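Here the structure is laid out as C-alpha cells; the discussion comes afterwards.
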Amino acid sequence: MHDLKFVRENMEVLRETLVRRRMDPAALDGFAKLDVRRRELLREIEELKARRNRANDEMAALRKSGADARELLTDLKGISLRVKSLEPEISKVEEEEQGLLSSIPNLIHESVPSGGEGEFRVERTWGERREFPFEPRCHWETGAATGLLDLPRAAKITGARFAVLFGELSRLNRALISLMLDTHTRKHGYRECWPPAVVNSRSLYGTGQLPKFEEDLFRLKGTDWYLIPTAEVPVTNLFRDETLDEGELPLSLCAYTPCFRAEAGAAGKDTRGLIRMHQFDKVELVKFANPSSSFEELEKLTGDAEAILQALGLPYRAVTLPAGDMGFSASKTYDLEVWLPGAGTYREISSCSCFTDFQARRAGIRFKGKSGGKARLVHTINGSGLAVGRTLAAILENYQNEDGSVDVPEALLPYMGGLQRIPGLPAPGAAGV
C-alpha cells in the first residue's frame, strides 16, 4: 500500500503505473474526489470545534458575570449537532478512501518491460532438453503408468484438481521437500520455520491478498480464518507491527506448507494433472531487506530457487514478467519456467518478486539502526523454492522411460534410500488416470 501523502503528490506517476499494468486509471479520479471531500469535512469540523471552544470560554465568562447566556447556549447546541452530523459522513468518506487506497497497486521497477501476458523478457535459459527415442508422455500419463498417481480417487473423495500419491511417488514428493529445505538452510543461509496453514484476514491484508483476491481464497465458514494460498502470508506476517534491528537484515526465512487456492477463473487452463491444483505443497523463501539492497536480494533469492532446478537437472528459463502481467503487490517479478517435454512447453515453477515497502506498510514492518533515528519500512522479497507438485510433474516428464518407469534424479537418491528407478508397473487396485 502507498502512503496517503505520496498518492496525493504523485497522481500522474500512479496513473502511468495503472496504464502500464493495464488497469483502469479512473480509480484515481475517485480517490482524488474523496480526498478533497475528506479534507473539506476535516476543515469544517476543526472550525466548528474552534468555535465551540471560544463559545465555551464566553459561556464561562457570562455565567461568572451573571449575564443571560441562553442565546449562546443555543449556538453551542447547534455547533455540537453539526459536528455530530458530520462525523458519520467523514467516517464513510475515510473508509471509502482507504478502500481505494488499498486497491492501488505497487509502483513498477524501471527495469520491468511493458506489455501484457506472454510479453515477458527471457533473461537466461539453463540445461539441455533431453532427446527422447519415443514420444514423451505428459506427467499425468507417466504417473498413471507407475500406478502411483491417482486422480480419479482424489476426485471421488474430494473433487476435481486434487491428487493422491502412492508408494515411491509419495516418497519422491517428500524427498523433494527435504532436498529444498536442506539446500536452502544449509547452503543458502535461510532459517527454517513451520508456520500455521490458517491465517486471519489481517494477515492476508498485510501481504495484499485481501481485499482484491478474496475469490481465490478458501475461508473457514463462520470465522475470520482462511487457508493459506502460500507461506508468503504467515511468514511475512511473523513480524507484523514489529520493528527489526537493522543488523538483522537481510533476514531470510524458508518454510514448507501445504497451500490452498480456489483458482477462480482458471477453468480450462492447466487444470489437468499436477500443475494447477486446489491443494499443493510449496517451499517458500521470504526475505526482509534494507531498502538499499532489496533488488540485489531479489537476484540472490531467484538464484537460490534456480539452484534447486539445477541440482535436479531440470531445464528451465528465467523470465522477467511485463508490467501488465505482474502481481498486484510486486514491483518486479522473475518467473522460473521448467521445461515439460510431454506437454512440449515451459510452465511456471517459481515466481520471485520484490515488493519494496508495499507489503511492509500494510503490515507495519519496520527496522531501526543502532544509532537510533526514525524507524523505516523494510522491503520484502519472496518466491517459491520450489512449488513441489510442479517439480514432481517435471521429474515425471523429464526422467520418464519408454516402459513407464521413472528415473530418480541423483540429488534425490540420499532421500530415497538409494532407489534409482520407480518401476512402471501398476499398483494393485490403482485406478490410474
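The values are calculated or read from the model by the stated rules, or taken from the named source; none is laboratory data. What you see is a predicted model, and the numbers here were worked out from it, not measured in a lab. Positions of Cβ are generated from backbone atoms using ideal geometry, with glycine treated the same way; all protein chains shown enter the neighbour counts.
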Name the pairs: first residue in segment 287-312 and in the same structural domain as GLU246 (by TED's automatic domain parsing), second residue of a type in the set (Phe, Trp, Tyr) and surrounded by 20 or more Cβ atoms within 10 Å (Cβ to Cβ), Cβ to Cβ under 7 Å, at least 6 apart or on different chains? PHE288/PHE239; THR302/TYR334; LEU309/TYR316
Does ARG376 meet the test of being at pLDDT 95 or above, buried (at least 20 other Cβ atoms within 10 Å of the Cβ) and among the basic types (Lys, Arg)? no
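Table: residues versus (1) hydroxyl-bearing (Ser, Thr, Tyr); (2) over 30 Å from GLU44 (Cβ atoms); (3) in the same structural domain as GLY389 (by TED's automatic domain parsing).
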site	(1), (2), (3)
GLU110	no, yes, no
GLU128	no, yes, yes
GLU135	no, yes, yes
THR142	yes, yes, yes
LEU151	no, yes, yes
Quick check: is even one residue across segment 207-220 over 24 Å from the mean Cα position of the chain (by Cα), on the phi > 0 side of the Ramachandran plot and not polar (S, T, N, Q)? no
Of these, ASP245, ASP182, ASP241, which one is surrounded by fewer than 16 Cβ atoms within 10 Å (Cβ to Cβ) and within 22 Å of the chain's Cα centre (by Cα)? ASP241
Look at GLY418 and say whether it is assigned to a loop (DSSP other than H, G, I, E, B) and surrounded by 19 or more Cβ atoms within 10 Å (Cβ to Cβ). no
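Each row is one residue, and each column tells you yes or no for (1) more than 26 Å from ALA394 (Cα to Cα); (2) assigned to a helix (DSSP H, G or I).
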residue	(1), (2)
ILE108	yes, no
SER114	yes, no
GLY118	no, no
ARG124	no, no
GLU135	no, no
THR142	no, yes
LYS156	no, yes
Long-range neighbours under 8 Å by Cβ, at least six apart or interchain, first residue more than 21 Å from GLU119 (Cα to Cα) and of a type in the set (A, V, I, L, M) within segment 9-24, second modelled with pLDDT of 95 or more and surrounded by 15 or more Cβ atoms within 10 Å (Cβ to Cβ): VAL13/LEU107; LEU14/LEU107
Examine segment 111-123 for a residue that is polar (S, T, N, Q), under 30 Å from SER351 (Cα atoms) and at pLDDT below 95, and state whether such a residue exists. no
Sole residue being in contact (Cβ under 8 Å) with a residue 40 or more places away in the chain and either assigned by TED's automatic domain parsing to the domain that holds LYS282 or under 25 Å from ILE104 (Cα atoms) (or both), chosen from LEU227, LEU220, LEU210, LEU172: LEU172
From the list ALA307, ALA343, which residue is surrounded by fewer than 21 Cβ atoms within 10 Å (Cβ to Cβ) and part of a loop (DSSP other than H, G, I, E, B)? ALA343
Inside segment 185-194, can you point out the residues that are of a type outside the set (Val, Ile, Thr) and surrounded by fewer than 21 Cβ atoms within 10 Å (Cβ to Cβ)? ARG186, LYS187, HIS188, GLY189, ARG191, GLU192, CYS193, TRP194
Subset of segment 248-261 that is out of contact with any Pro (no Cβ under 9 Å at 6 or more places or on another chain) and not in a strand (DSSP E or B) - its residue that is surrounded by the most Cβ atoms within 10 Å (Cβ to Cβ): LEU249
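A quick yes/no check of all residues on (1) in a helix (DSSP H, G or I); (2) out of contact with any Cys (no Cβ under 7 Å at 6 or more places or on another chain); (3) polar (S, T, N, Q):
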{"site": "TYR334", "(1), (2), (3)": "no, no, no"}
{"site": "GLU337", "(1), (2), (3)": "no, yes, no"}
{"site": "ILE349", "(1), (2), (3)": "no, yes, no"}
{"site": "SER353", "(1), (2), (3)": "no, yes, yes"}
{"site": "ASP403", "(1), (2), (3)": "no, yes, no"}
Candidate set: segment 2-48, residues that are among the β-branched types (Val, Ile, Thr) and under 25 Å from ILE90 (Cα atoms); chosen: the one surrounded by the fewest Cβ atoms within 10 Å (Cβ to Cβ): VAL36
Subset of segment 202-236 that is at pLDDT below 95 and either aliphatic (A, V, I, L, M) or part of a loop (DSSP other than H, G, I, E, B) (or both) - its residue that is surrounded by the fewest Cβ atoms within 10 Å (Cβ to Cβ): PRO211
Looking at segment 64-74, is at least one residue surrounded by 11 or more Cβ atoms within 10 Å (Cβ to Cβ), in the same structural domain as LYS84 (by TED's automatic domain parsing), in a helix (DSSP H, G or I) and small (Gly, Ala, Ser)? no
Every residue in segment 111-139 that is under 21 Å from the mean Cα position of the chain (by Cα) and exposed (fewer than 15 other Cβ atoms within 10 Å of the Cβ), please. SER111, GLY116, GLU117, GLY118
Just to be sure before I move on: is LYS282 closer than 18 Å to THR380 by Cα, buried (at least 20 other Cβ atoms within 10 Å of the Cβ) and in contact with a Phe, Trp or Tyr (Cβ under 9 Å, 6 or more places away or on another chain) in the structure I sent? no
Residue check, LYS282 against (1) touching a helix residue (DSSP H, G or I) at 6+ places or on another chain (Cβ under 7 Å); (2) part of a helix (DSSP H, G or I); (3) among the charged types (D, E, K, R), all met but one. Which one? (2)
